[in-house]
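Each remark here refers to the structure printed beneath this line.
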């Protein structure tokens, strides 16, 4: 695991409620944003830069 995310606070997406099986968690750190599957945390995570995460959110919000 990325050292910066090792002790990070992971939070479940607000879009992951209502009995959906599509649940993700996000952790924000200084130089890294982590994304992982709530159901399979042991499978690892995706780590991206805060800039890349911001661009992703902007693109998703625009749709």
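Each value in this text was obtained by applying a stated rule to the coordinates, not by laboratory testing. Because the structure is predicted, anything quoted here is derived from the model rather than measured. Using ideal geometry, Cβ is built from the backbone for each residue, glycine included, and neighbour counts are taken over all protein chains shown.
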*asked:* How big is the chain along each principal axis, measuring the range of its Cα positions in Å and listing the largest first?
replied: 32, 29, 16
*Given labels modelled 7 Å from the Cα in the Cβ direction, how far is it in nm from residue 24 to residue 10?*
1.4 nm
*Only helical DSSP H runs with n ≥ 4 go in: add -39500 (n - 2.57) per run for the chain, normalise by residue count and round the 222 nm mean residue ellipticity to 500 deg cm²/dmol.*
-6500 deg cm²/dmol
*Can you tell me the FRET efficiency between residue 41 and residue 63 if r is taken as the Cβ-Cβ distance and R0 is 30 Å, rounded to the nearest 0.05?*
0.60
